[in-house]
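Please treat every number below as a calculation from the coordinates, not as lab data. All figures in this text were calculated on a predicted structure; none of them were measured in a lab. Positions of Cβ are backbone-derived with ideal geometry, glycine not excepted, and every protein chain shown enters the neighbour counts.
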Amino acid sequence: MFLLLAACERATTGRPGEGRPRDSHAGSATDTAPEVDGLACGDGLALGAHEECDGADDSACPGACSAHCQCPSMPPGGELSIHVMDVWQGDGVLVVSPDGFAMLVDAGDEDDYWSIKAHFRDQGVAGLDYTLVSHQHADHMGAMDWALEDHPEVGLAFDGGGRADSNAFSDYRAVAADKRTTVRVGDLLDMGPSITVEVLHADIGDRDNENNNSVVIRITHGEVTALLGGDCESAVCESSFDPGPIDIYKVHHHGSADSSAPWFLDQMSPSVALISCGAGNDYGHPDAPTLRRLADAGAEVWRTDEVGHVVARSDGSAFTISGGL
Ligand SMILES: [Zn+2]
């Protein structure tokens, strides 16, 4: 049964793997993903497993917390939702796991943070468990210090490390303080037992092109997969990992010409492509040839400059996409 939201300007539904052969999973990165069954606190696999785990009273949580060692900020809702919020020319993505864990992936620039706050209010977001900075450009993390100040309940602030000296990053670093946790390729971000969040790419120390340091995560919820990767570009970043089949692709670098290479899209065969970009932006994003590549790959494109916030919801076997929220 699909959930369609009444407020949608338009909506679509999908099932994992639509448009691609089901055996395309063979040999994918999914097959070699770290085993999470039986994951125990302190075994070194999961970032987000809190130190107080040993003394945690699991019965105090609204859902099981034995695998992730803290109570979630949101009530377990049984669905994965990925909110690509309209922050004009930037990225701000909220991920809420079926177990109630919420992570803000990028927070846009300061001028557009009001949009995130409004969406949180409209969606009843009670709190955040984690934040993740994809990379150190202001259109992604300019307002992350404000988000952390608004949400002192955040347990861990993930980022790729790095050494940028921008004011935006200095502000973030000051507020995140000892919550900062550097992620590396292969890490699992623990958002409860219902989904797997894997780091496929992280800071490679490229000081000439910060986009190449973007943290890329793959989210797996049953049969549904999603990819978030900041401003990952094709020549270095996209070529460094195999995403495997992906249903919901948050398009890299606002749909720029230097992202979403044909061979990269072939690896994913995405059903939907969600683009975060500002109407009339100075960069010409999304790039027209990139839109054609996405169409050629069979992806249905949703753009924040056209419909505002775009929200993907998964029950683990199917997903919906809604815009205009
Ligand atoms: Zn960007």
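Couple of notes before you dig in:
- With R₀ set to 45 Å, the beta-carbon distance separating E149 from S240 gives a calculated FRET efficiency near 0.85.
- Take each peptide in 203-210, 269-276, 258-265, count the other Cβ atoms within 10 Å of every residue, and average; sorted highest first, the result is 269-276, 258-265, 203-210.
- In this structure, the amide hydrogen of V215, modeled 1.01 Å from its nitrogen in the peptide plane, lies closer than 5 angstrom to those of H135, counting only residues at least 5 positions away or on a different chain.
- Computed from backbone phi with θ = phi - 60° and the Karplus coefficients 6.51, -1.76 and 1.60, the 3J(HN,Hα) list for the stretch 230-239 is x, 10, 3, 9, 5, 4, 10, 6, 4, 7 Hz; x is used for glycine and proline.
- When each of Y283, Y172, Y113, Y130 is scored by the number of other beta-carbon atoms lying within 10 Å, the sequence from fewest to most is Y283, Y113, Y130, Y172.
- Hz values of 3J(HN,Hα) by residue in the stretch 294-309 - Karplus curve (6.51, -1.76, 1.60), Gly and Pro given as x: 5, 5, 4, 7, x, 8, 7, 8, 10, 10, 5, 6, 9, 10, x, 4
- For S259, the residues whose modelled amide H falls within less than 5 Å of its own, excluding neighbours fewer than 5 places apart on the same chain, are S234.
- Where labels lie 7 Å past Cα in the beta-carbon direction, separation of A177 and A118 in nm: 3.2 nm
- With a simple spin-label model that places each label point 7 Å from the Cα along the Cα-to-Cβ direction, the separation between E110 and S317 comes to 4.9 nm.
- Per-residue HN-Hα couplings for the stretch 122-138 [Karplus 6.51, -1.76, 1.60; θ = phi - 60°; Hz; x = Gly/Pro]: 5, 8, x, 6, 7, x, 10, 9, 9, 10, 9, 9, 5, 7, 9, 7, 5
- Full-extension gain in nm, E306 to R292, via 0.36 nm per residue minus C-alpha separation: 3.3 nm
- Ranked D99, D86, D165, criterion: other C-beta atoms within 10 Å, fewest first: D165, D99, D86
- The order of D145, D247, going from fewest to most other C-beta atoms within 10 Å of their C-beta, is D145, D247.
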